[in-house]
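Nothing in this text is a laboratory measurement; each read-out follows from the coordinates by a stated rule. Worth saying up front: this structure is predicted, and the values here are computed from it rather than measured. Note that each Cβ is placed from the backbone with ideal geometry, even for glycine, and that neighbours are counted across all protein chains shown.
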Ligand code: IVH
């Protein structure tokens, strides 16, 4: 008997159908898990579960207490729950030119000490959003978005409605996390937008946004009605090895029932990669879905493991992006925005124009030299053409990056158009705006007295990778900054907010527009919760120029506690002496970052007083070194001579992963010198200083091979 479509069921039929499905799914589960004798194909089983979910989405009141939807994974989310990824979800380094691909190949081979051509895979880079699917004993138990790579959103119920995602796998490892891209085809996107427009709902700018908007729906019923697709291309946690090569792994994912991209091929060396890039680029227009480049990955998984990761990208892969999309439009005006570090950034206000499917009305103009037609060394760019208000300009957009003005059409320049004069005073606070020698950026000198800088610092302070205070985002920060009764002008003010509110009997936050009893209490609780903060987040939150997430975590790992860190920075304030040497010797902290750090935290300045006031109100959690249980954790090691079992780069990466610090020269602080054949002056230094010297084999034995 043909099944009646879900849309055609009445309530009584739906009730009966839910009962039938609950029974059929329970029987299939027993046959599969308890009896090890599956009676039904995976596809039929998936169809039952999907029909059940669709009926529940249409008749939420009929959902059974023993609903099969609730038997694995989390119940439908009330807001999205958070999922900590057991294996981080990384992003990819980008390459735009063929030379960068050759450089990538050289780098990889050098790292591995591999002389011949290396085997890679090449596959399209799907322009969607990544999703991690966790299967336990073959059952889909959790689906999570990438989020910040460490913590994503729980979208399990939604993922279950995507036809390309199997709900059950046969012959899979006990734990298998499959990763890939959720996307929408061009045809489905056009039809969805037409439906949305017809019903007066919001339309989407491009298929990627439509896919993201459809997956991230609190109501899984809506996701079910959107035609999402999924390509599998990677994996996270695995309870057993999955394959020996990237290519085999993809084949295995395919055999398990996933869609894998048919344009995935193996390539011998970087020339072959570039050839496949051209093949994929040639097919781009007729694929029927958006791709924005080609991803190259080292094929051998053992080599991938040796290559490992940088802070947020693997060393064994790169995304070769397609050239950006272009359009011409009129430049209506130039606005100056003042950033967190005082940088004056010119922004082009444009006659709105569609660039690669997205309407663009603002674009960056970088800095004053860029507008004038010069690069940072004074050399002409765009043939030396400057950009003037009223000009016809070319707008360029690549992926998610901010669109930029790339070129100007002098033939269409209006008579009387004047060269743009870049302001030499801050448009926000009127302070002089200076350019330091060698810096392409003009900066407001107002510091904390500049409202624009102060607000941007606050926004950075509460941002996701910093204090991440729930209910206190960019919008609320702007509101509190301007507030008369409960002003927040600096980060420290955030932590006195509750006490100030309590002390003010009349104008309570809870009586404000947009706030109530619950939301104000929630906000104060969220702030209170963040009084305890890990050192790396605190350093990052200070918003010091050149000190991003990676540097903050390096500094935190090196100094361990706020007290150590602050003392060291104070002692380095003369840019000389042992503390300065130590700071600049931290691998990954260059002279520029060190100088910016010491400048920003200079004792006896208003800025530093504010930082001390803030820290006095916090409990800063010390950060442990990278790995504390390895025999070399916390040790300073130096490599010298020729290493025979691995390259210098690999040796360094492994030592660092085990918590050791790798220095370039031997000093009294060195714990261990690993000397290969041909070791020279460093070995002599080590002998003189009484530093222990071992050979490469002894080092490998020490770190466990
Ligand atoms: S591999 C550890 N392969 O691109 C590397 N990523 O820019 C994991 N993406 O976050 C990613 N197509 O969302 C990989 N064939 C592909 C891809 C792909 C699209 C996305 C993915 C990733 C982003 C990085």
log10 I(q)/I(0) for the range 281-388, Debye formula on C-alpha points only (no solvent), q = 0.14 Å⁻¹, two decimals, reads -0.90
Reciprocal mean inverse distance between Cα atoms of the range 662-705 - Kirkwood radius, Å: 10.7
What does the highest-first list of 577-587, 206-216 look like by mean Cβ count within 10 Å? 206-216, 577-587
Convex hull over the alpha-carbon atoms of the range 523-652: what's its volume per residue in Å³? 137
Within 10 Å of each residue's Cβ, count the other Cβ atoms and sort 258, 96 from fewest upward. 96, 258
So, for the Cα atoms of the range 349-415, Rg and Dmax in Å stand at 12.3, 36
Relative contact order (%) - the chain, alpha-carbon pairs under 8 angstrom, separation at least six: 8
All-pairs Cα distance distribution in the range 409-565, expressed in whole percent, bin size 5 Å: 1, 8, 13, 16, 14, 13, 11, 8, 6, 4, 2, 2, 1, 0
With only alpha-carbon atoms in the gyration tensor, what are the semi-axes of the equivalent ellipsoid for the range 185-323, in Å, largest first? 32, 19, 14
For the chain, how big is Rg over Rh, using alpha carbon atoms and the Kirkwood form of Rh? 0.98
Run the numbers on the range 328-406 and let me know its relative contact order in percent, using alpha-carbon pairs under 8 Å that are six or more apart. 30
Take every Cα-Cα pair in the range 74-158 and report what % of them are more than 17 Å apart. 63
In whole angstrom, the spacing between the Cα centers of the range 473-552 and the range 203-228 equals 33
What is the Rg over Rh value, at two decimals, for the range 170-217, using alpha-carbon atoms and the Kirkwood definition of Rh? 1.21
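Based on the inverse mean of 1/r over its pairs of different Cα atoms, what is the Kirkwood hydrodynamic radius of the range 91-243, in Å?
On the way: mean 1/r = 0.0567 Å⁻¹.
Radius from the Kirkwood sum: 17.6 Å.
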Can you pull the Kirkwood radius for the range 151-239, inverse mean 1/r over Cα pairs, to one decimal in Å? 14.2
Alpha carbon centre of the range 126-158 versus the range 557-580: separation in Å? 41
Alpha-carbon Debye profile of the range 113-154, log10 I(q)/I(0) at 0.15, 0.23, 0.30 Å⁻¹: -0.63, -0.84, -1.03
Proxy reagent accessibility, fewest Cβ within 10 Å first, across 593, 630, 311: 311, 630, 593
Summing -39500 (n - 2.57) over the DSSP H runs of n ≥ 4 in the chain and dividing by its residue number, what mean residue ellipticity at 222 nm do you reach, to the nearest 500 deg cm²/dmol? -10500 deg cm²/dmol
